[in-house]
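A short write-up of the structure that comes next.
Where a number appears in this text, it was derived from the coordinates with a stated rule and is not lab data. Computed from a prediction, not measured in an experiment: that's the story for all the values here. Neighbour counts run over all protein chains shown; Cβ positions are idealised from the backbone, glycine included.
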Amino acid sequence: MKTYFFSPLLILLFLSFSLTAQNINKEDTRLLSKPAMSDNQITFIYAEDLWVANKDGSSPRRLTVDDGIESNPVFSPDGSLIAFNAEYDGNTDVYVVSSAGGIPERLTWHPGNDQVRDFTPDGSAVLFASQRSVFTNRFTKLFEVSVSGGQVKELEIPIAFWADYSADGRYIDYTLSLINI
């Protein structure tokens, strides 16, 4: 006959974990970050994954389920795509995914960090900041890459960190920065 011994400490630990797990609900979720909005949806980062929900917060859906870290989501002007950063292979690159879901497509392949900033007003390219063509790591420059991939285009702005296009695409509002990203 086998005798089983349960430690009172182990039992208390199990009961406290069970009660804590039951008390977690939607109102306790406060770790959402980096929200971005389209006309009818919101995207955000939760638990290092990319999520999308209706604008009122209903019907949340996880778009990425990778071991990497996703950040900086931005909707395309028509809301059909989300550009974001992901660190899957040891560095941060630019990706896009349909806001309806699907497989993310990698757009940049540089060994340095590429930080998503915006879409072009027509939605054909993603604007990002990078140190890929600077001789020091003290500043970043702006680049564009097509949403279908391909050659990266360096913009003629000498130093920029954050940036956003005007609605008509004629101007770029940007900030200078002399620190690492």
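As a rough footprinting exposure proxy, the listed residues T136, T120, T92 were ranked by other beta carbons within 10 Å of their own, and the order from fewest upward is T136, T120, T92. Near S99, the amide H atoms lying under 5 Å from its own belong to L81, I82; only residues 5 or more places off or on other chains count, and H is placed 1.01 Å from N. Spin-label pair N40-S124: with each label point 7 Å from Cα along the Cα-Cβ axis, the two points sit 2.6 nm from one another. With contacts taken as Cα pairs under 8 Å and at least 6 residues apart, region 112-154 reaches a relative contact order of 30 percent. From least to most packed, judged by other beta carbons within 10 angstrom and beginning with the fewest, D49, D118, D66 follow the order D66, D49, D118. Subtracting the Cα-Cα distance of N54 and T175 from 0.36 nm times their residue separation leaves 40.4 nm of extension gain. Sequence-ordered 3J(HN,Hα) estimates for region 32-40 from the Karplus curve with 6.51, -1.76 and 1.60 and θ = phi - 60° stand at 6, 9, 6, x, 9, 10, 10, 5, 9 Hz, glycine and proline given as x. Sites listed here are trypsin sites (Lys or Arg not before Pro) in region 81-163 whose DSSP assignment is loop and whose Cβ has at most 13 other Cβ atoms within 10 Å: R138. Taking every alpha-carbon pair under 8 Å whose residues sit at least 6 apart, region 29-174 reaches a relative contact order of 13 percent. Which of rounded, prolate, oblate describes region 86-181, given a ≥ b ≥ c as roots of the alpha-carbon gyration tensor eigenvalues and a/c under 1.5 marking rounded, otherwise prolate only if a/b is larger than b/c? Oblate is the answer for region 86-181, as a/c is 1.5 or above yet b/c matches or exceeds a/b.
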